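Everything below concerns the one structure shown next.
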């Protein structure tokens, strides 16, 4: 578990180093995520630490999220464009992305031997 | 309505991590009591609780944020950890590459263009529009892109987080309404529209959804970084 945590931190530092060295537009942890996504990593015993961190990932966004309170004045002065712009644009993006992916899975290139991974009915 | 914290309490380094943890625990508890209702998002509840406490005690956000660093710092390793569900879904991803590419490109373009055009159409300032354009990507990228475009980085960060919360609250009901049945589509859309907070939501739904959401956070950051400038120019900014 200790080692798994160390691997995650080391990967992030490598990602950050690459970002600095190459002046890349992606932050270090995101670069590390893309670089680390290879099957060889399965055997490193990351699963318990990773699943613990990911299960409570929402918690980790709270400190940055509270920063919203510094922009309440903007919300007052430009209420409509801010709220409608954010809600409209975000939901449009959500729906378009999901529908393109869903349609492609259904009618696009056939997934050889693939199957739809469906959410359970609720 | 204004009661400053006792100085010795405010100086305790465990105060703000503890408050943050407690607020989030209350959030998860409320959500569990409401049978997992998406609207009772624990991130949203925690932000409201902590925000109200800061207002009530007159604590500046900067002081809170400095104190809550131990929690904030874990975001990096958690982002790297998204590689674990992604690896588990690699075979599925290899078979969906074209769909992922098309859906991501569509999402990135729609997000930037609709953000810019909606804000302008509704009479918002140009700096608000340019801060809205990169709001779907992960917070640090959104800040950097807003800066480049001539928007306000701190506003872009807040919009990115608010958009993520919206996705966490609304994606399951809305996508169910749109008859989206594929976990890959749920995850990819949550990560593309809501970045990290969207991914944090998707990972709790299903492993495949979480994997595609994590992938979408990384790739959408890349795609938006490349496209947002040209899109802003095309939209007349």
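Details
- Among residues of region B:133-144 that are facing chain A (nearest Cβ under 7 Å) and within 17 Å of residue B:72 (Cα to Cα), those with a Cβ under 7 angstrom from a residue that is modelled with pLDDT of 85 or more and surrounded by fewer than 24 Cβ atoms within 10 Å (Cβ to Cβ), sequence gap 6+ or separate chain, pair up as B:139/A:64; B:139/B:157; B:141/B:225.
- At least 2 residues being buried (at least 21 other Cβ atoms within 10 Å of the Cβ), in contact (Cβ under 8 Å) with a residue 24 or more places away in the chain and more than 7 Å from every other protein chain (Cβ to nearest Cβ) is the threshold, and among the helices (runs of 4 or more DSSP H) wholly inside region B:44-128 those reaching it are B:97-121.
- Note on region B:180-189: among residues that are in a helix (DSSP H, G or I) and within 7 Å of chain A (Cβ to nearest Cβ), the one that is farthest from residue B:142 (Cα to Cα) is B:183.
- Any hit, region A:86-105, residues being at pLDDT below 85 and assigned to a helix (DSSP H, G or I): yes
- For region A:46-65, the criterion of being surrounded by fewer than 21 Cβ atoms within 10 Å (Cβ to Cβ) and at pLDDT below 85 is met by at least one residue.
- Being assigned by TED's automatic domain parsing to the domain that holds residue B:166 and touching a helix residue (DSSP H, G or I) at 6+ places or on another chain (Cβ under 6 Å) holds for only one residue in B:128, B:117, and it is B:128.
- Pair list, Cβ < 7 Å and 6+ apart or interchain, from region A:35-49 residues that are in the same structural domain as residue A:10 (by TED's automatic domain parsing) to residues that are at pLDDT below 85 and loosely packed, with under 13 Cβ neighbours inside 10 Å: A:48/A:1; A:49/A:1
- Here residue B:148 passes the criteria (1) surrounded by 18 or more Cβ atoms within 10 Å (Cβ to Cβ); (2) more than 9 Å from every other protein chain (Cβ to nearest Cβ) except the one numbered (1).
- Number of residues in region A:45-62 that are within 17 Å of residue B:28 (Cβ to Cβ) and in a helix (DSSP H, G or I) equals 10.
- Here is the figure for region B:5-39: residues that are away from chain A (no Cβ under 12 Å) and crowded, with 18+ Cβ neighbours inside 10 Å total 0.
- Some residue of region B:227-236 being modelled with pLDDT of 95 or more, surrounded by 21 or more Cβ atoms within 10 Å (Cβ to Cβ), more than 8 Å from chain A (Cβ to nearest Cβ) and part of a loop (DSSP other than H, G, I, E, B): no
The values are calculated or read from the model by the stated rules, or taken from the named source; none is laboratory data. For clarity, every value in this text was computed on a predicted model and none was experimentally measured. Note that we place each Cβ from the backbone using ideal geometry, even for glycine, and neighbour counts take in every protein chain shown.
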